[in-house]
Amino acid sequence: MAQTPSAMVSLQTRMPEFSLTDANGTPCELSDDSKGTLIIFMCNHCPFVIHVASLLEEIHTLCEASGIQMIGINSNDIEAYPDDSPENMIETAQRFKWTFPYLFDGTQEVARAFQATCTPDVFLYDSESGLYYRGQLDDSRPSSGTADGEDLKNAIQALLANSPPPDDQKPAVGCNIKWKV
């Protein structure tokens, strides 16, 4: 497990356009009338994702109630990491009761467009598709603390209140995205 920080893309960077399907092959359409979009690059096997996995549906519920679309994206190389296959994505989503779209980026082009580097890597965009928050869910790590998503939840509340982006945005730390060779 190589601990990798997120790239901390510049705020107000435009959200890249993309078209992906979930593990069943169902296309995901981005909403034009949402108050924002939360993208989390994640996978099935990463201990950092597993650490926050139970929290993700709670965050999705908050997003849904607030008019924010939430999407998970798995960009890992499934030939080298078969635990991250679409079939296992379905099982993982069922195990953790995720109801948000969990999409597969088999070409890894979407991860590259977002400059995602690790799992979980969080990108929260405003209603105009400008990057509002990026980085960690909270200060907890698999080896310390219980995940509560405080940093991300605070950013969501600030976005909804039309406040400026939070000043203290810390990089996510997680497993590196497993890039194809």
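Name the residue that is nearest to LEU55 (Cα to Cα), counting only residues in region 139-167 that are within 19 Å of the chain's Cα centre (by Cα) and charged (D, E, K, R). I'd like the intermediate steps shown before the answer.
Let us first name the residues in region 139-167 that are within 19 Å of the chain's Cα centre (by Cα), namely 139-142, 146-160, 165-166.
When the remaining residues are screened for being charged (D, E, K, R), the result is 139, 141, 148, 150-151, 153.
On the way: ASP139: 14, ARG141: 13, ASP148: 7, GLU150: 11, ASP151: 13, LYS153: 11 Å.
Filtering region 139-167 for residues that are within 19 Å of the chain's Cα centre (by Cα) and charged (D, E, K, R), the one nearest to LEU55 (Cα to Cα) comes out as ASP148.
Of the strands (runs of 3 or more DSSP E) lying entirely inside region 31-146, those containing at least 1 residues that are at pLDDT 95 or above and of a type in the set (Gly, Ala, Ser) are 36-41, 68-74. Taking first residues from region 108-120 that are buried (at least 20 other Cβ atoms within 10 Å of the Cβ) and partners that are in a helix (DSSP H, G or I), the Cβ contacts under 6 Å between residues at least 6 apart in sequence or on separate chains come to THR119/VAL49; PRO120/VAL49. Scanning region 134-148 for residues that are surrounded by fewer than 23 Cβ atoms within 10 Å (Cβ to Cβ) and either in contact with a helix residue (DSSP H, G or I) (Cβ under 6 Å, 6 or more places away or on another chain) or among the small types (Gly, Ala, Ser) (or both) turns up ASP138, SER140, PRO142, SER143, SER144, GLY145, ALA147. Scanning region 149-162 for residues that are surrounded by 15 or more Cβ atoms within 10 Å (Cβ to Cβ) and outside any helix (DSSP H, G or I) returns a single hit, GLY149. The C-beta contact set for region 54-72 (first residue within 13 Å of LEU124 (Cα to Cα), second residue at pLDDT below 95 and not hydroxyl-bearing (Ser, Thr, Tyr), distance under 6 angstrom, 6+ apart or interchain) comprises ILE59/GLY149. Quick check on region 13-23. Is at least one of its residues in contact with a Leu (Cβ under 9 Å, 6 or more places away or on another chain) and at positive phi? For region 13-23, residues in contact with a Leu (Cβ under 9 Å, 6 or more places away or on another chain) and at positive phi: absent.
Within region 163-181, take every residue that is more than 20 Å from ILE59 (Cβ to Cβ) and out of contact with any helix residue (DSSP H, G or I) (no Cβ under 8 Å at 6 or more places or on another chain) and give me the one that is surrounded by the most Cβ atoms within 10 Å (Cβ to Cβ). Spell out the reasoning first.
Within region 163-181, the first condition is being more than 20 Å from ILE59 (Cβ to Cβ), and the residues that meet it are 164, 167, 176-181.
Now restrict to residues that are out of contact with any helix residue (DSSP H, G or I) (no Cβ under 8 Å at 6 or more places or on another chain): 167, 176, 179-181.
Values: ASP167: 5, ASN176: 15, TRP179: 13, LYS180: 12, VAL181: 6.
Here the residue is ASN176.
Note on region 1-20: residues that are at pLDDT 95 or above and outside any loop (DSSP other than H, G, I, E, B) amount to 1.
The values are calculated or read from the model by the stated rules, or taken from the named source; none is laboratory data. Everything quoted here is computed from the prediction, not taken from an experiment. All Cβ positions, even for glycine, are placed from backbone atoms using ideal geometry, and neighbour counts span all protein chains on display.
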